[in-house]
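Right, one structure below, let's go through it.
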Amino acid sequence: ELLRDIREKKLETLVFTHEHADHFCPEDVAEALKMNPDLKKLYDTDETVTNLIDMAKRLEGLPRHCSMHAAGVVICQKPVDEYVPLSRAADGTITTQFIMTTLEELGLLKMDFLGLRTLTVIQNAVLLARRKQPELNINQIDYNDQKVLDYIGTGKTDGVFQLESAGMKGFMKELKPHNLEDVIAGISLYRPGPMDFIPQYIRGKNDSSSITYDCPQLEPILAPTYGCIVYQEQVMQIVRDLAGYSLGRSDLLRRAMSKKKAAVMEKERQNFVYGNAQEGVKGCIANGIDEKTANHIYDEMIDFAKYAFNKSHAAAYAVVSYQTAYLKYYHPVEFMAALMTSVIDNPRKVAEYIYTCRQMGIKVLAPDINEGEGGFSVSDGAIRYGLSAIKSIGQSVVDEIVRERTEHGKFRSLEDFIDRMSGREVNKRTLESFIKSGAMDGLPGTRKQKSMVCGSMVDQKNKEKKNTMEGQMSLFDFAAEEDKKSFQITFPNVGEYSREEYLAYEKEMLGVYVSGHPLEEYIGTWEKNVTAKSSDFVVDEETGSAVIHDGAYVTIGGMITEKTVKTTRNNKMMAFLTVEDLAGSVEVLVFPKDYEKRRDMLIKDEKVFIRGRASVGDEPVG
């Protein structure tokens, strides 16, 4: 309420922190009153403003919400509540009420345990690849394989850990890594702050004559990164080799720089340049480095140390990046299958990777009850869609199908499937899902035929089962085996669904199109005219940003799959559209003026190009 009242009063001098900040913190309210006479006058004469500002002063610096570190775990010798107060989140998660710096000051151990979905992708891809190459050991691959490094340099890094964002793809194409060290440096540099050093790094990599060192002692330290300070470990090595710091003291300076502790850094400047005999620091001057050069080196260290990355962290990431690139290059089908399994619950991401597969020349097959598995699998050089990704199909159903198939052979017909799976979590709904998704295409009959008879088949089998349990006999039981075939339900002569229905049901059951796409005949025109794909609007997990920026004018293209028309307060019509392309969908807001001009074109299932202003956040921008 206070925030709302301040905005209504238009007290712009009270600038509040970003909504994700840890503290509610108007920028120095007292200073704002001094600097703005009009605000001071309002404060003195307007009771509401007086109350607002007094409340702001009282709130200043207080925690504005509870937040939790994504991977931070506090480790204690005794129960943690003997050391710090705790709080319970709405989901039951227990957290400390102290922030990490306070915990460290109390002497408690805080560890960050990062869980990576990519490690599971690597494991599953290797298991699939071992079916054709049993000796594959991902921990014994050549990390200087030039073919893999060149592949990374092409920028075709969809699915490659840390390297699949649009910006990183462009950076890799420019960098063209020659060894793992380049990949490590690339991961470290491609972040806010260090990005400013990217041109210098690439220039040094491509032209060694452009590299200069302030003093000879820097060359062995910075040569691997072409004269740039990239890692925290380099900062530590510089102060040790140039100023005689101990390992422990160099780490304290590293921590002070990374935490931006200005007072500590300025104090250490004196030690770095002039030395400190009492604390055992020789200083740069004692090592033959003049005062001006030493200060310049220290300034550069401060500039970069604010953003410097820990090399051991970056190296671990780069190894995972390289392993995924290696698998994608040498085992592309297995890698993409494992990758899609990892995002099986995210249809948008699955659709994006299916589009990538098509660009790679990898065929993605519909699910199949006789060939498929729970996740995406490999079948004759193609990727088979995972059975558990089908709507209304749980993992328990898939497990029963695979078990029955393994023990008694493949299913021969729809009736055979119902016979063998009846009473084992398979009902009319699951059958309908299997049929419409294409998972039963390998059995006799079209999708439409099987859909029309599956319900009566299930009813017949349930009736037979009930009669058997009650001990009832029917004429069918006395018939000879060869005569029983005449009692089987035959398929009506209804042909197949239209292509539109066929694909629509597939999309309904799988969340994506697999056997085709309504836009596939327009791919050439689509790629030629669009400036943004639906995937460009998705916020990247690694960078926290999307390819498209708020306010950018872009052209999208696709099919209108949803349309909602609403009336504004001015009694004018506007529309909300969902436009789907080959990789996903985009929500489009059409304001009244444009809707009036184009309403005849904005029809469901119509293929359109739309140019407009992008909004990556929650609020539409037009």
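The values are calculated or read from the model by the stated rules, or taken from the named source; none is laboratory data. Treat the numbers as computed from the prediction; the structure is a model and nothing was measured. Quick reminder, even Gly has a Cβ in these numbers, built from the backbone with ideal geometry, and neighbours come from all protein chains shown. For accessibility, only protein heavy atoms count, side chains too; no ligands or nucleic acids. Shrake-Rupley method; radii C 1.70, N 1.55, O 1.52, S 1.80 Å.
Count of region 80-100 residues, restricted to those that are in a loop (DSSP other than H, G, I, E, B) and not acidic (D, E), is 10. Just one residue in the set V565, V590, V608 is surrounded by fewer than 17 Cβ atoms within 10 Å (Cβ to Cβ), without any contact (Cβ under 8 Å) to a residue 40 or more places away in the chain and of a type in the set (V, I, T); that residue is V565.
Let's see how each residue does on (1) in contact (Cβ under 8 Å) with a residue 12 or more places away in the chain; (2) open to solvent by 20 Å² or more (accessible area, probe 1.4 Å); (3) in contact with a Phe, Trp or Tyr (Cβ under 8 Å, 6 or more places away or on another chain):
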{"position": "V281", "(1), (2), (3)": "yes, no, yes"}
{"position": "N287", "(1), (2), (3)": "yes, yes, no"}
{"position": "K292", "(1), (2), (3)": "no, yes, no"}
{"position": "M301", "(1), (2), (3)": "yes, no, no"}
{"position": "K311", "(1), (2), (3)": "yes, yes, yes"}
{"position": "V319", "(1), (2), (3)": "yes, yes, yes"}
{"position": "K328", "(1), (2), (3)": "yes, no, yes"}
{"position": "P332", "(1), (2), (3)": "yes, yes, no"}
{"position": "F335", "(1), (2), (3)": "yes, no, no"}
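Annotation: E164 fulfils all but one of (1) out of contact with any helix residue (DSSP H, G or I) (no Cβ under 8 Å at 6 or more places or on another chain); (2) surrounded by 13 or more Cβ atoms within 10 Å (Cβ to Cβ); (3) assigned to a helix (DSSP H, G or I); the unmet one is (3). When S188 is tested against (1) among the polar types (S, T, N, Q); (2) crowded, with 17+ Cβ neighbours inside 10 Å; (3) more than 29 Å from the chain's Cα centre (by Cα), just one condition goes unmet, and that condition is (3). Report whether or not G72 is loosely packed, with under 11 Cβ neighbours inside 10 Å and either over 22 Å from L114 (Cα atoms) or not hydrophobic (A, V, I, L, M, F, W, C) (or both). No.
Only one of these is free of Cβ contacts under 8 Å to residues at least 24 places away in the same chain and among the β-branched types (V, I, T): I229, I221. Name it. Step by step, each of I229, I221 is checked, and only I221 is free of Cβ contacts under 8 Å to residues at least 24 places away in the same chain and among the β-branched types (V, I, T). Contact map, region 250-273: residues that are free of Cβ contacts under 8 Å to residues at least 40 places away in the same chain and of a type outside the set (D, E) paired with residues that are surrounded by fewer than 16 Cβ atoms within 10 Å (Cβ to Cβ) and not in a helix (DSSP H, G or I), Cβ distance under 9 Å, separation 6+ or inter-chain. Pairs shown: R255/K261. Mind counting the residues in region 210-227 that are assigned to a helix (DSSP H, G or I) and either basic (K, R) or open to solvent by 90 Å² or more (accessible area, probe 1.4 Å) (or both)? So the count comes out to 3. Under the condition of being of a type outside the set (G, A, S) and either modelled with pLDDT of 80 or more or crowded, with 16+ Cβ neighbours inside 10 Å (or both), the residues counted in region 450-466 number 9.
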